[in-house]
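Peer 1: Let me begin by handing over the structure; questions about it come next.
The values are calculated or read from the model by the stated rules, or taken from the named source; none is laboratory data. Bear in mind that the values here come from a model prediction, so they are computed numbers and not experimental data. When we count neighbours, we look across all protein chains shown, and the Cβ atoms used for this are built from the backbone with ideal geometry, even at glycine.
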Amino acid sequence: MSDVKKKVAVIGAGPAGITAAYELTKKGFEVHVYEASEHVGGLSRTIELWNQKVDLGPHRFFSTDTKVNKAWLEVVGRDYKMVDRLTRIYYKKKFYYYPLKPFDALKKLGVGTAFVCVLSYTKERLFPVKKDNSFESWVIGRFGYKLYSIFFKTYSEKLWGIPCSELDEDFAAQRIKKLSLFKAVWNAMFTGGKTKHKTLVDQFAYPTGGTGLVYERMANYVSENGGRVLVNTPVQKVNNIGNKVNSLTTADGVEHAYDHIVSSMPITHLVRNLNEVPEEVITANSNLKFRNTILVYLKVEGENVFPDNWLYVHATDLQMGRITNFSNWVPEINQGEKSTIVALEYWAYDQDEIWNASDEDLIKLGREELQKTGLVEGLEISDGYVFKIPKCYPVYGRGYKDPLKVVENYLTSFKGLSVIGRYGAFKYNNQDHSILMGLLAAENIAENAGHDLWEINTDYENYQERSTITASGLTSE
């Protein structure tokens, strides 16, 4: 690189964007980060609440990619602990271990229901359901209809707000492709229930300052080494002349020139505001939808309220989809407080009544629903707090890949533009995938590495080196 520092703008300070900014700063670029909100971290932000630290829902970090793990440890250092994962499913007023422990599940389902599950599974082996590229047919094909209806259907339809028959099988293929009933039974009987399935790991690394500590430290590094992290500074549009991106315009109408722009803003917003977008791209872009999240935090006056890190709520009589208990992560985030903070998650579209409900009504709903579960029986819920997150889940509606490919091809044609992150690339990323996107985007800009960033998502396994983080550091597999 020449003596003149190249200027790079990064739009969005979530895991993908701030990782790219951190790496580019290390490589000698002048980096300006534009973040619409008042904090960095995006969906992986940590907030202070009632003298404790909490995340925006349950955010565990786990990767087998050495590149990602090294970057994470470089930033976190020794300021993390290993958390033993306990997650369960709440269904018909009973709690089922997740991953499923067959004998526990059979006992709680009852002999009759368990028999129907086995019968349904056997039927599927003999007479497979017709595949139609939907989540529903994919899961039924793997587990049988009865298990699908109990342990997949209700939760998935709460999360996405569409019937499972309209949800793309890609969601199942990415999230549960290696999980099978046979393996679940085998693991339970012969390996003590241990599992290597990535989404079901028994232990994960967690920063003692909350998940957001990682991205706060990356932002501090950028600021302290010649870059700028501009919070409360939304970007209105990215500007292009033909197929070359050369600047961005902030919400105050000021244009800023850059050699390269890394965008992790919602892909729909990016495309909608580019110059001279072809009609077919506008149409495709309009078919990409995001789902919103509502977090209702409740302060429960009690310790050791229930043992889970988080629970999946499969009950049809409850609107919430997930419950997180922050007292069961690391003690440092509780900061000596004796009360327990739980977060209830609700999902909605912009037009839904619950999305437009008042904080008071949402806290009331949360109190009633938490009490219905019996998890906090006899305990006072002394306070509540609501945090709304717009556009946090890219909706994998059936056939979504077709319009996404049109948009992807269009954005790939631009010089000076990299598109990354859950929002930016319309990928249902975990933290590790977003970090990887940021690392590889930086390598593309600094070294012309040629990584195809669109290939990075939750089923990406093209790791040259495999390792995991343990209490003692990095351990090769």
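Peer 1: PHE414 - would you say it is among the aromatic types (Phe, Trp, Tyr), modelled with pLDDT of 95 or more and over 23 Å from VAL8 (Cα atoms)?
Peer 2: No.
Peer 1: Go through TYR258, TYR297 for me and flag whichever is of a type in the set (Ser, Thr, Tyr) and over 27 Å from the mean Cα position of the chain (by Cα).
Peer 2: TYR258
Peer 1: Here's something else I'd like to know. Just the residues that are free of Cβ contacts under 8 Å to residues at least 60 places away in the same chain and either polar (S, T, N, Q) or not assigned by TED's automatic domain parsing to the domain that holds VAL300 (or both), please, taken from the stretch 335-375.
Peer 2: Selection gives THR340, GLN351, ASN356, SER358, GLN371.
Peer 1: Does LYS158 fit the bill of being charged (D, E, K, R), at pLDDT below 95, within 21 Å of the chain's Cα centre (by Cα) and closer than 24 Å to VAL395 by Cβ?
Peer 2: Spelling it out, it is not the case that LYS158 is charged (D, E, K, R), at pLDDT below 95, within 21 Å of the chain's Cα centre (by Cα) and closer than 24 Å to VAL395 by Cβ.
Peer 1: Looking only at residues that are hydroxyl-bearing (Ser, Thr, Tyr) and assigned to a loop (DSSP other than H, G, I, E, B) in the stretch 207-243, which one is surrounded by the fewest Cβ atoms within 10 Å (Cβ to Cβ)?
Peer 2: The residue in question is THR208.
Peer 1: Let me ask you something else. Out of (1) among the polar types (S, T, N, Q); (2) at pLDDT below 95; (3) not in a loop (DSSP other than H, G, I, E, B), what's the single condition that is false for ASN304?
Peer 2: Condition (3) is where ASN304 drops out.
Peer 1: What do you reckon, is ASP352 acidic (Asp, Glu) and either under 26 Å from ASN51 (Cα atoms) or touching a Lys or Arg at 6+ places or on another chain (Cβ under 9 Å) (or both)?
Peer 2: no
Peer 1: Can you list the strands (runs of 3 or more DSSP E) found entirely within the stretch 244-290 that contain at least 1 residues being of a type in the set (Lys, Arg) and in contact (Cβ under 8 Å) with a residue 60 or more places away in the chain?
Peer 2: Of the strands (runs of 3 or more DSSP E) lying wholly inside the stretch 244-290, those with at least 1 residues that are of a type in the set (Lys, Arg) and in contact (Cβ under 8 Å) with a residue 60 or more places away in the chain span 244-250.
Peer 1: Looking at (1) of a type in the set (A, V, I, L, M, F, W, C); (2) surrounded by fewer than 19 Cβ atoms within 10 Å (Cβ to Cβ); (3) under 30 Å from ARG85 (Cβ atoms), can you tell me which one LEU295 breaks?
Peer 2: Unmet for LEU295, out of (1) of a type in the set (A, V, I, L, M, F, W, C); (2) surrounded by fewer than 19 Cβ atoms within 10 Å (Cβ to Cβ); (3) under 30 Å from ARG85 (Cβ atoms): (2).
Peer 1: Still on this structure: Wholly within the stretch 43-132, which strands (runs of 3 or more DSSP E) include no fewer than the required count, namely at least 1 residues that are within 23 Å of SER327 (Cβ to Cβ) and aliphatic (A, V, I, L, M)?
Peer 2: Where strands (runs of 3 or more DSSP E) fall fully within the stretch 43-132 and carry at least 1 residues being within 23 Å of SER327 (Cβ to Cβ) and aliphatic (A, V, I, L, M), they are 46-49, 52-55, 80-84, 87-91.
Peer 1: Out of GLY12, GLY28, GLY41, which single residue is on the phi > 0 side of the Ramachandran plot and over 22 Å from the mean Cα position of the chain (by Cα)?
Peer 2: GLY28
Peer 1: When only residues in the stretch 133-152 that are buried (at least 20 other Cβ atoms within 10 Å of the Cβ) and not in a helix (DSSP H, G or I) count, which is modelled with the highest pLDDT?
Peer 2: So, considering only residues that are buried (at least 20 other Cβ atoms within 10 Å of the Cβ) and not in a helix (DSSP H, G or I), the one modelled with the highest pLDDT is SER134.
Peer 1: Something else: List pairs: first residue in the stretch 1-20 and at pLDDT below 95, second residue surrounded by fewer than 24 Cβ atoms within 10 Å (Cβ to Cβ) and of a type in the set (Val, Ile, Thr) anywhere in the structure, Cβ distance under 9 angstrom, at least six positions apart or on different chains.
Peer 2: Taking only residues 6 or more apart or on different chains, the pairs are LYS6/ILE445.
Peer 1: Okay, next question. Is it true that GLU377 is modelled with pLDDT under 95, among the charged types (D, E, K, R) and surrounded by fewer than 15 Cβ atoms within 10 Å (Cβ to Cβ)?
Peer 2: yes
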